[in-house]
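Worksheet for the structure shown next.
The values are calculated or read from the model by the stated rules, or taken from the named source; none is laboratory data. Since this is a predicted model, take the numbers as computed values, not measurements. Counting neighbours? That spans all protein chains shown, and the Cβs are built from the backbone with ideal geometry, glycine included. Surface areas here come from the heavy atoms of the whole protein model, side chains and all, with no ligands, DNA or RNA. Shrake-Rupley method; radii C 1.70, N 1.55, O 1.52, S 1.80 Å.
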Amino acid sequence: MAAHQTNLMTIHQDDIAKLCRLAQIALDDGERAATNADLDKMIQMIDVLQSIDTDGVEPLAHPLDAAQRLRADEITELVDRDRYQASAPAVQDGLYLVPRVL
Amino acid sequence: MDAFASLGQLARALNHGDFSSVELAQEHLARIEASNPTLNSFITVSAEHALTQAAAADERIAAGTAGPLTGLPLAHKDIFCTDGIRTSCGSRMLDNWIAPYDATLVARLNDAGMVTLGKTNMDEFAMGSSNENSYYGPVLNPWDPTRVPGGSSGGSAAALAAGLVPIATGTDTGGSIRQPAAFCGVCGLKPSYGRVSRYGMVAFASSLDAGGPLARDVADLARLMPLIAGFDPRDSTSSEQPVDRLEALALNLDESAAMLPPGLTIGLPEEYFADLDGALAVCLDQARATLEKLGARCVDVSLPHTAAAIPTYYVIASAEASTNLSRYDGARFGHRCAHPTNLDDLYQRSRSEGFGREVKRRILTGTYTLSVGYYDAYYVKAQRVRRLIRDDFLRVFEDVDLLLAPTAPNPAFPLDQLLADPIRMYQQDAFTVPASLAGIPALAVPCGMIDGLPVGLQLMGPHFSEVELLEAGMAFQTETDWHQQHPEATG
């Protein structure tokens, strides 16, 4: 039974693997079993929402219904790169170093 | 000097010349040093920085250029960026991170001449209700060291209860100021959403996060609020609502003469009282009687969508957290795994090693509810229910000025009791998440003791009613002395 067909209450090992890929989190085998059980409980808990009638109710993204403020596209601050990169794990010539991708 | 002196008392003594700011800082640092090995309320103690700030404050006082809180010590929750002092957010991920800038809240308090003693312990990335999710170990409750202090601002609340600081900052996404305040017998204010700048406050759930003060009495909260509240162009959701009434309240503060506004009507939402533990119900009954004696009219009201608040909150907060925490990738700052073989390995191992179990659980939950096929069923659905919850409050505030409720469903619980059962842990937030979802301000105030452990009431008000909440809290404390009771052993 696929999770999304008849109900939203069970999460499968395949789903966990996909979620971990999306979230860039690796779980070892022990963690995977515990996480599976935890997520099942979480999903049961949040499934209560399905029983609430929200017909005609608009989603609320900001608690005061405020819109994002805009500002003029002007330079107000200068970036001090060396200072900001002082906490980086690996930099060279102002660039962040990561393993080769090509 | 009295370890439990209020900010107001310390300010008077400092300006009177009873002691210097340096002496005040030294004494507090000594207390922190003595208690921290057991209590664990601080992640970082910034002694050198504090003494430099205190010396500068003494010069300002001597020169006559001091503000009302110049020279007084405080501690920041370790979620606020502090230039030059580590900001760990309770996580291994940021164990090595020193922010290159100050949070707006920190900068404003530095400018006011306050002295930063250190950074307080917290649940990792503010996710937790017990402070057991910290990479730096749990904080113990000063009232009973076998119990939790609440979370996520547990270090700030415990430090206040133990007399280590006169005031501290915290953040509240779903109750993280109010619940630890209640568990430790201190006061805490979650301001309206947008009232206090989020700039430099490590993000958890951006539509919910609110910075605010914790203190031993409500008057001290009122003293700090005008310094940290107000518009900040660096926070895109900062409110332009004026702070003049908060400034006026702090300027003319006479807590001994505090009164309730005439004709104040307080609603008691029946959903918060329906299954309340007997001893806690008695404490709330007494609080209601005290408020009535002070002139309030109390009426029963209903907030029908209250039970939906926990699932709504855990969908929205986890979704926003999964997005916000995607920035921790091991490439630019924070923890990086050893010898990454490729870019995916760098991301995955850095994040898996850097985050603790609860943070991973919430990231995965948020990833799930935001993923294709579930987005509408969970995330958009929760946003719709969020509007119903907020509208419950808007409707009830047409009839009443404030709401009275418990802060937490029980006093502080034993360490380890709820760690293995996240769903039961989440129920700790049942009374605090509704105000967070609605973006309204809420104040936690001690209102009794159960078996030697403090419990707190919660007052909630309409958007930007911080002044009314603080006035009501101060009036309540003219008639009660729960806030003047302190634990005997402080670690």
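Yes/no matrix, rows are residues, columns are (1) facing chain B (nearest Cβ under 7 Å); (2) closer than 28 Å to residue B:356 by Cα; (3) assigned to a helix (DSSP H, G or I):
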{"site": "A:17", "(1), (2), (3)": "no, yes, yes"}
{"site": "A:37", "(1), (2), (3)": "no, yes, yes"}
{"site": "A:46", "(1), (2), (3)": "yes, yes, yes"}
{"site": "A:60", "(1), (2), (3)": "yes, no, no"}
{"site": "A:65", "(1), (2), (3)": "no, no, no"}
{"site": "A:69", "(1), (2), (3)": "yes, no, no"}
{"site": "A:75", "(1), (2), (3)": "no, no, no"}
Segments classed as helices (runs of 4 or more DSSP H), wholly inside region B:155-266, with at least 2 members that are open to solvent by 10 Å² or more (accessible area, probe 1.4 Å) and touching a residue at least 12 places away in the same chain (Cβ under 8 Å): B:218-228, B:244-251
Number of positions in region B:440-483 that are within 14 Å of chain A (Cβ to nearest Cβ) and either within 26 Å of residue B:145 (Cβ to Cβ) or part of a strand (DSSP E or B) (or both): 2
Near pairs, Cβ below 7 angstrom, 6+ apart or cross-chain, from region B:283-296 (without any contact (Cβ under 8 Å) to a residue 40 or more places away in the chain) to any residue that is open to solvent by 80 Å² or more (accessible area, probe 1.4 Å) and assigned to a loop (DSSP other than H, G, I, E, B): B:295/B:262
Flag if residue B:284 is over 30 Å from residue B:319 (Cβ atoms), open to solvent by less than 60 Å² (accessible area, probe 1.4 Å) and assigned to a helix (DSSP H, G or I): yes
Number of positions in region A:39-74 that are open to solvent by 100 Å² or more (accessible area, probe 1.4 Å) and under 26 Å from residue B:194 (Cβ atoms): 6
Scope region A:26-38; condition crowded, with 19+ Cβ neighbours inside 10 Å and closer than 19 Å to residue B:378 by Cβ; matching residues: A:35, A:38
Residue in region A:87-102 that is most open to solvent (accessible area, probe 1.4 Å), counting only those that are at the interface with another protein chain (Cβ under 7 Å from one of its Cβ atoms) and not in a loop (DSSP other than H, G, I, E, B): A:96
Whichever residue in region B:87-133 is in a helix (DSSP H, G or I) and among the charged types (D, E, K, R) and, among such residues, is surrounded by the fewest Cβ atoms within 10 Å (Cβ to Cβ): B:111
Selected residue (criterion: farthest from the other protein chains (Cβ to nearest Cβ)) from residues of region B:391-402 that are more than 8 Å from residue B:267 (Cβ to Cβ) and open to solvent by 20 Å² or more (accessible area, probe 1.4 Å): B:401
Hits in region B:343-390 (condition: of a type in the set (S, T, N, Q) and within 28 Å of residue A:64 (Cβ to Cβ)): B:365, B:367, B:369, B:383
Odd one out for residue B:425, checked against (1) at pLDDT 95 or above; (2) crowded, with 20+ Cβ neighbours inside 10 Å: (1)
Residues being touching a Lys or Arg at 6+ places or on another chain (Cβ under 8 Å) and part of a loop (DSSP other than H, G, I, E, B) - total across region B:134-151: 2
